[in-house]
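Asks: Here it is, the structure in full.
The values are calculated or read from the model by the stated rules, or taken from the named source; none is laboratory data. From a predicted model like this one, the values you see are computed outputs, not experimental measurements. As a convention, Cβ positions derive from the backbone with ideal geometry for all residues, glycine included, and neighbour counts pool all protein chains shown.
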Amino acid sequence: MHRVREIIKKQKEVFSVRHDWTVLDVARYMSERNIGAVAVLDDKAQVVGMFSERDLMTRVVAVGQDPRRVCVAEVMSRNVQTAGLDDTLEDCMEKMRTHRCRHLPVVENGRLLGMISMRDIIEFQLMDREQQIEFMRAYIAQVPPGFGFSP
């Protein structure tokens with residue numbers, strides 16, 4: 001079984017915002033980095049919430065709030081589900097299904113290490129399956145992996 005640490009080790013930067021940022025600042029931050037969700041941290045760098053594109057649409061835009069004046073702490077999702085480095089990818093997918101979310105902050109000893117998304121898990125599983133197929137093809141054809149065997 002694959003674990004969260006296999007995906008997180010490939011991430012170069014951990015994206016997060018402070019709880020006292022305005023929604024407009026957070027939206028710009030997310031847009032500049034092309035991310036759909038971000039962890040919200042308190043003054044002690046602890047995860048206190050998540051803010052996603054869905055939160056922006058349902059809690060700000062759709063109800064007519066001014067993103068320049070609303071603090072992200074007022075509209076973020078609370079009671080955030082998290083993942084640990086040793087959680088299996090299957091456990092993460094189950095948390096996402098159960099809690100109807102697509103992102104989990106990865107936390108260790110209260111410290112944010114990164115984020116894992118449904119897309120990350122699916123891409124990792126596809127890559128893993130492709131590698132398995134390549135090894136099976138190589139074994140059947142008795143050609144070492146990577147030598148470009150194609151049926």
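Asks: Mind listing just one residue for me: the one in region 6-51 that is on the phi < 0 side of the Ramachandran plot and among the polar types (S, T, N, Q) and, of those, modelled with the lowest pLDDT?
Replies: Looking at the filtered set, the residue picked out is Gln11.
Asks: Report the residue count in region 57-82 for those that are closer than 23 Å to Ile116 by Cβ, touching a residue at least 12 places away in the same chain (Cβ under 8 Å) and part of a loop (DSSP other than H, G, I, E, B).
Replies: 5
Asks: So, in region 26-40, exactly how many residues are outside any loop (DSSP other than H, G, I, E, B), surrounded by fewer than 18 Cβ atoms within 10 Å (Cβ to Cβ) and in contact (Cβ under 8 Å) with a residue 40 or more places away in the chain? Let's see the steps before the verdict.
Replies: Start the filter on region 26-40 by keeping residues that are outside any loop (DSSP other than H, G, I, E, B), which leaves 26-33, 37-40.
Remaining after also requiring surrounded by fewer than 18 Cβ atoms within 10 Å (Cβ to Cβ): 28-29, 31-33.
In the following step, the residues that additionally are in contact (Cβ under 8 Å) with a residue 40 or more places away in the chain were identified as none.
Of the residues in that region, 0 qualify.
Asks: A follow-up question, please. From Val107, Val4, Val47, which residue is closer than 22 Å to Met118 by Cβ and touching a Cys at 6+ places or on another chain (Cβ under 7 Å)?
Replies: Within the list Val107, Val4, Val47, the selection yields Val4.
Asks: Of the conditions (1) assigned to a loop (DSSP other than H, G, I, E, B); (2) at pLDDT 95 or above; (3) aliphatic (A, V, I, L, M), Met1 satisfies every one except a single condition; which number is it?
Replies: Here Met1 clears every test but (2).
Asks: Please tell me if Arg54 is at pLDDT 95 or above, surrounded by fewer than 16 Cβ atoms within 10 Å (Cβ to Cβ) and either within 20 Å of Met115 (Cα to Cα) or under 14 Å from the mean Cα position of the chain (by Cα) (or both).
Replies: no
Asks: State all residues of region 83-110 that are of a type outside the set (Asp, Glu), over 20 Å from Ser52 (Cα atoms) and in a strand (DSSP E or B); if no residue qualifies, say none.
Replies: Thr88
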